[in-house]
Amino acid sequence: MHVELTEEQEMIRAMAREFADKEVRPIAAEIDRDARFPRETVRRMGALGLLGMTIPPAYGGSGADAVSYVVAMEEIAKACASHAVILSVNNSLYCEPVYKYGSEEQRQRLLVPFVTGEKIGCFALTEPQAGSDATNQTTLAVRAGDHYVVNGRKVFVTSGRESSAALVFCQTDRGQGHGGISVLIIESGTPGFLVPKVEEKLGLRASDTAEFLFEDCRVPVANRLGDEGLGIKIAMSSLDSGRIGIAAQALGIAAGAYELAVAYARERRSFGVPIGQHQMVQWMLADMATAIDAARLLTLRAAALKDAKKPFGTAAAMAKLFASETAMKATTDAIQVHGGYGYIKDFQVERYFRDAKITQIYEGTSQIQKLVIARSLLGGA
Amino acid sequence: MKILVPIKQVPDTATQVRVAADARAIESAGITWIISPYDEFAVEEALRIKEKRGQGEVVAVSLGPDRVKEALRSCLAMGADRAIHVNDPAFADADTLTTARALAAVIKQEAPQLAIFGRQAIDDDMGALPAQVAELLGWPSLYWIMEEAIAADGASIRAGRQVEGGLEVFEASLPCVLAAQKGLNEPRYPTLKGIMGAKKKEIKDLKAADLGIAPEPPQLSVARLESLPPRPPGRVIGGDVHEAVRELVRALREEAKAI
């Protein structure tokens, strides 16, 4: 069994790390404080090829594998979790499904500019009453000639306000239940597509999380992704991939907080020695390092399975579950290592702690991951 | 315009350098290797010249063991067209003159119009190669370059070099050797596409014999490496503030001789 990255994957890690350290880390605290979407660095991530990593070169992408994607995500998340989620949503939840299910015409029009960083995309599945219960969709799309007329509301859309297009999950045939859900790609600026609200959040404050309102919004049939009724299949396959991205983000948050804790443990002195000499601190650091390594291996395994075109849904759920729980624990302990200084903003770890929490919630809560894992263990029973 | 960029692979700047047991080299285990930062300015400038002129070829060259391929591959990922790796155990103890002779031989074979070096490698800081290579080739050389502009006809170059308090602008005929100073440009990150494409580009392996040279024993060799003595710890002057200030001023004047 190989657990070493290829030379190419190492180069991608080095590039992502250098970019993150030089361009992202210096602004991370400020954009968190001001809840400012980092347009400039997002565009630069596009120019570097990080926004559509796995998309083939024919559509402007780099044709990188999922392992490379995990490696790059971890490095970006180590510096700033907001940048990482913007990256993850654009890669896994917008570009991948548009590539996988889009027609040639749709790929040219609605994929290429989103791979290069000219535009970014988002994924609008959650509704006020449909979170974990994602099939309970009420947004309605009624066919009228060569258009659909869309009415409804979406919430918690990551990158919602900044996006130029959204995958919007709608009921096109209520009689079919969740078999009647379809995906429309709705472009910003379409009349009747409103963004009434951007949420104030605990963490990931530089990523905008928006509410969408559709009022008699007319969307061309040419913007439907895949056939009618394919919505849940597209959602589930996108979320399987998305979970690898979020696992990598959680891993990066944990690893970033851990690195800060190690540096502090070397520097800060108490009772005449660096606090890293105290066994209780060593204990926390050793536990953090072990859990982070385990999370990294689980995440890389899920990505490697995907690259080998083998089933990876359960592995992705395990990786996402374990990495996000590790992120919460590691950031909590990183603050503990910092003591009172960890609780104030001067020392950064409090941001990692606030950013970590969402990884246990979005793209499937920890509880939903356990459900997914248990179902795969028990089969249909 | 063909541009040759000789690069050196050096330990990462964050490396905790330890002297090896024989006291003639550093401990190489566990070191992360990078392209010497001044050489990155050289690669970047070569790529910019090619882009500005809309044509040309950038060739990265390095002399060293197998690991040097990683550094060459990074140059290819940044955008260099191909690379040459002078990889021969005969060069294991090469001093700067031996290395300069090998690079001069590569340059003669490749016949570029320009060879851009970094002004020095950040490991041993010799800074000797650009001048030695230029001397062997009979080319002009310009060090500490902060800006350059090649004439439209490609026959000459105007280059500004950093001097105390200002810029000294030279004109030189081509071919010539430049040695890049920090500030010449801001090196690009390799793009993902560049990284993915790098493995398809050629890295040609050359032995001394391919260059028609037989390395002579080095005329310069390291006699001994010594670590710097550890910095003495700081001193806290306690007690009554007036007394402490008096003591501080005395220590600064009489012991540190700083005031």
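The values are calculated or read from the model by the stated rules, or taken from the named source; none is laboratory data. Since the model is a prediction, treat every value here as computed from it, not as a measurement. Positions of Cβ are backbone-derived with ideal geometry, glycine not excepted, and every protein chain shown enters the neighbour counts.
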Practice problem: Could you identify the single residue in B:Ala83, B:Ala94 that is part of a loop (DSSP other than H, G, I, E, B), in contact (Cβ under 8 Å) with a residue 24 or more places away in the chain, within 25 Å of B:Asp66 (Cβ to Cβ) and among the aliphatic types (A, V, I, L, M)? | Solution: B:Ala94
Exercise. For segment A:35-51, name all the residues that are in contact with a Leu (Cβ under 8 Å, 6 or more places away or on another chain), facing chain B (nearest Cβ under 10 Å) and either part of a loop (DSSP other than H, G, I, E, B) or over 16 Å from A:Arg13 (Cα atoms) (or both).
Key: A:Gly49, A:Leu50, A:Leu51
Quiz item: How many residues does segment B:190-203 hold that are surrounded by fewer than 20 Cβ atoms within 10 Å (Cβ to Cβ) and either more than 7 Å from every other protein chain (Cβ to nearest Cβ) or within 24 Å of the chain's Cα centre (by Cα) (or both)?
Solution: 7
Self-check item: Breaking point among (1) crowded, with 18+ Cβ neighbours inside 10 Å; (2) out of contact with any His (no Cβ under 8 Å at 6 or more places or on another chain); (3) at negative phi, for A:Ala206
Solution: (2)
Quiz prompt | Only listed residue being more than 14 Å from chain A (Cβ to nearest Cβ), within 15 Å of the chain's Cα centre (by Cα) and either surrounded by fewer than 21 Cβ atoms within 10 Å (Cβ to Cβ) or not small (Gly, Ala, Ser) (or both), chosen from B:Pro6, B:Pro37, B:Pro65, B:Pro89 | solution = B:Pro6
Self-check item: Evaluation of A:Glu23 against (1) touching a residue at least 40 places away in the same chain (Cβ under 8 Å); (2) buried (at least 18 other Cβ atoms within 10 Å of the Cβ) (one fails), failing number
Solution: (1)
Quiz item: Scanning for something more than 29 Å from the chain's Cα centre (by Cα) and of a type in the set (S, T, N, Q), does segment A:253-272 turn up at least one residue?
Solution: yes
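Per-residue answers, yes or no, for (1) of a type in the set (A, V, I, L, M); (2) more than 10 Å from chain B (Cβ to nearest Cβ); (3) assigned to a loop (DSSP other than H, G, I, E, B):
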residue	(1), (2), (3)
A:Ile12	yes, no, no
A:Ala28	yes, yes, no
A:Met53	yes, no, yes
A:Ala64	yes, no, yes
Exercise. Identify the single condition in (1) part of a helix (DSSP H, G or I); (2) under 20 Å from A:Leu93 (Cα atoms) that A:Phe19 does not satisfy, given that it satisfies every other one.
Key: (2)
Quiz item: Within segment A:230-265, which residues are under 15 Å from A:Gly342 (Cα atoms), out of contact with any Lys or Arg (no Cβ under 6 Å at 6 or more places or on another chain) and either of a type outside the set (A, V, I, L, M, F, W, C) or outside any helix (DSSP H, G or I) (or both)?
Solution: A:Tyr258, A:Glu259, A:Tyr264
Quiz item: Within segment B:6-28, is even one residue of a type in the set (Lys, Arg) and assigned to a strand (DSSP E or B)?
Solution: no
Quiz prompt | Residue identified as modelled with pLDDT under 95 and under 27 Å from A:Thr365 (Cα atoms) among A:Ser241, A:Ser182 | solution = A:Ser241
Quiz item: What is the one condition in (1) within 27 Å of A:Ile12 (Cβ to Cβ); (2) assigned to a helix (DSSP H, G or I); (3) among the hydrophobic types (A, V, I, L, M, F, W, C) that B:Ile122 does not satisfy?
Solution: (2)
